[in-house]
Amino acid sequence: MGPESFWHLLFGNKEFLASSNSIKWLAKHACGNIILNPLICENVLFILCGPDNKNLNATRTEVYISHEPDGTSVKNMIHFAQMFLSKQFQAYDYGSADKNRLHYNQTTPPIYSIRPMKVPTAIFSSGEDWLADPEDVAFILDNIQNLVYKKYIPDYNHLDFVWALTANKVIYQDLINQMQKYHPSK
């Protein structure tokens, strides 16, 4: 049984971690001090996305768990795993030369190249993000032709970009400034 078959056996063929009423119920009742200590639920987030909760509003854990992790497709998760294992930024591998040829007109998945992109690009990265690690960020920085802005936040994890108590000052204003600079309102 190949890795793709194993993923399908475990998670089916459609949604992976689909948002559901069950997840929302668990978030409310298990993470809202009724069944579990909220610290357990916080740790679920940090196992997935990076350590530390100093930037998180702990009273909102129930809300965070009801939204994160949220669903994607099983195929998307297989694709992430393929890229992780192959260390290649490439299209989905259909598992055989014949199937890849059917989809891509070549026996292997095409490599994605970000170097030709000329769009002005701003990169925000952090030191505690376990999903966008320094090696991946370095690859992007080395291959972006039109890097117009770069900001590194040493103590942020993956979720802090959205949920940190300081995100409005540390991220949002710079992000808005960059968007307005390259896409000014009329």
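The values are calculated or read from the model by the stated rules, or taken from the named source; none is laboratory data. Everything numeric here is computed off the predicted structure, so don't read it as measured data. Neighbour counts are summed over all protein chains in view; Cβ atoms, including those assigned to glycine, are modelled from backbone coordinates with ideal geometry. Only protein heavy atoms, including side chains, enter the accessible area calculation; ligands, DNA and RNA are left aside. Shrake-Rupley method; radii C 1.70, N 1.55, O 1.52, S 1.80 Å.
Within the stretch 120-128, can one find any residue that is more than 19 Å from I176 (Cβ to Cβ), open to solvent by less than 50 Å² (accessible area, probe 1.4 Å), at pLDDT below 90 and in contact with a helix residue (DSSP H, G or I) (Cβ under 9 Å, 6 or more places away or on another chain)? Looking through the stretch 120-128, none of the residues is more than 19 Å from I176 (Cβ to Cβ), open to solvent by less than 50 Å² (accessible area, probe 1.4 Å), at pLDDT below 90 and in contact with a helix residue (DSSP H, G or I) (Cβ under 9 Å, 6 or more places away or on another chain). Considering the stretch 129-186, the residues that are more than 15 Å from L56 (Cα to Cα), part of a helix (DSSP H, G or I) and charged (D, E, K, R) include one that is least open to solvent (accessible area, probe 1.4 Å), namely D174.
I'm trying to understand the selection: among the residues of the stretch 82-102, which are surrounded by 14 or more Cβ atoms within 10 Å (Cβ to Cβ) and not in a loop (DSSP other than H, G, I, E, B)? If the condition is that a residue be surrounded by 14 or more Cβ atoms within 10 Å (Cβ to Cβ) and not in a loop (DSSP other than H, G, I, E, B), then Q82, M83, Q90, N100 are the ones that fit.
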